[in-house]
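J.: Take this structure, written in structure tokens, and hold onto it; I'll ask about it next.
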Amino acid sequence: MKEKTHDTEGRVAIVTGANRGIGFETCRMLARQGFRVVLASRDAAKGRAAAETLRREGLKVDPAELDVADAAGIKRFAAMVRKEYGRVDVLVNNAGIFLDREPADGGRKNGPPPAALEADPDVIRKSMETNVYGPFQLIQALVPLMRERNHGRIINVSSGMGQLTEMNDGYPGYRISKTALNAVTRIFSEELKSTDIRVNSICPGWVKTDMGGKEAPRTTEQGADTIVWLATQPPGGPTGKFFRDRKPLQW
């Protein structure tokens with residue numbers, strides 16, 4: 001993606017869970033668009049290595065440590081961003097976990113997916129902490145900086161597995177958390193609808209990453225494309241929507 005749909009000079013983009021996969025590619029693509037990118041990751045060493053890889057490509061990327069399941073850490077991160085950058089123009093809530101891909105006992109690897117009737121409540125809770133509460137608190141912490149310029153683009157990386165219109169069984173922790181993340185998108189988009197802070201969800205599709213697996217048909221570039229498209233929308237762009245491949249999805 002090379003075209004610029006909005007002036008990005010001097011603007012700051014934050015991407016969570018960004019030391020690998022879709023998050024890493026999103027950092028690369030946003031930096032190529034002219035953003036100064038904050039590559040946030042839970043593992044500080046991996047984040048520094050990922051940022052250095054992109055810096056060797058001549059891109060403006062800074063590493064930052066952030067565990068989105070740590071409420072105090074989110075506050076410290078927001079304070080650092082205010083002090084070091086003084087602004088936030090884009091927030092990509094990409095960090096996420098998929099804990100219930102396999103049964104809790106480690107068996108049935110080739111069997112049916114974990115069912116809600118058998119679900120470990122702790123898996124549901126941990127999924128919500130990372131996939132929902134983390135993005136929720138990051139939006140709360142960083143929107144004040146966006147409000148100061150009446151500009152911001154928030155993209156929540158969700159999944160088609162969270163669509164109520166096509167909801168199936170299995171993987172309850174992941175499905176419930178992604179449905180809830182879509183609710184977060186709708187709620188904040190409504191609260192911010194009078195501003196130029198736009199909030200949207202995206203489904204990247206089944207992407208070849210550590211989470212998606214080697215058999216996934218889509219590249220990280222394909223997964224990141226809609227994120228960058230939404231991040232660079234001009235004033236009056238979409239808000240409160242759910243997208244895949246730049247096209248709206250039903251909730």
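The values are calculated or read from the model by the stated rules, or taken from the named source; none is laboratory data. What you are looking at is a predicted structure, and each value in this text was computed from that prediction instead of being measured. Note that we place each Cβ from the backbone using ideal geometry, even for glycine, and neighbour counts take in every protein chain shown.
J.: Does ARG82 satisfy the condition of being basic (Lys, Arg) and modelled with pLDDT under 95?
T.: On the way: basic (Lys, Arg): yes; modelled with pLDDT under 95: no.
Answer is no for this residue.
J.: Taking PRO217 and the conditions (1) over 17 Å from the mean Cα position of the chain (by Cα); (2) at pLDDT 95 or above; (3) of a type outside the set (Ser, Thr, Tyr), which numbered condition does it fall short on, given that it satisfies the others?
T.: (2)
J.: Also, quick follow-up: Restricting the search to segment 160-176, which residues are of a type in the set (Gly, Ala, Ser) and either assigned to a helix (DSSP H, G or I) or at pLDDT 95 or above (or both)?
T.: Within segment 160-176, GLY160, GLY162, GLY173 qualify.
J.: Still on this structure, please answer the following. In segment 170-199, how many residues are more than 15 Å from the chain's Cα centre (by Cα) and without any contact (Cβ under 8 Å) to a residue 12 or more places away in the chain?
T.: Qualifying residue count for the region: 3.
J.: So, in segment 204-251, exactly how many residues are on the phi > 0 side of the Ramachandran plot and small (Gly, Ala, Ser)?
T.: The number of residues fulfilling the criteria is 4.
J.: Under 8 Å between Cβ atoms, which residue pairs at least 6 apart in sequence (or on different chains) link something in segment 200-222 that is closer than 20 Å to GLY162 by Cβ and among the aliphatic types (A, V, I, L, M) with a partner that is at pLDDT below 80 and surrounded by fewer than 19 Cβ atoms within 10 Å (Cβ to Cβ)?
T.: VAL207/ALA216; ALA216/TRP206; ALA216/LYS208
J.: Only one of GLU215, GLU190 is of a type outside the set (S, T, N, Q) and part of a helix (DSSP H, G or I); which?
T.: After ruling out the rest, the residue left standing is GLU190.
J.: Select, from GLY23, GLY34, the only residue that is at pLDDT 95 or above and more than 17 Å from the chain's Cα centre (by Cα).
T.: Result of the check over GLY23, GLY34: GLY34.
J.: Residues that are free of Cβ contacts under 8 Å to residues at least 24 places away in the same chain and under 23 Å from GLU25 (Cβ atoms): which helices (runs of 4 or more DSSP H) entirely in segment 43-145 hold 3 or more of them?
T.: Fully inside segment 43-145 and qualifying: 44-55.
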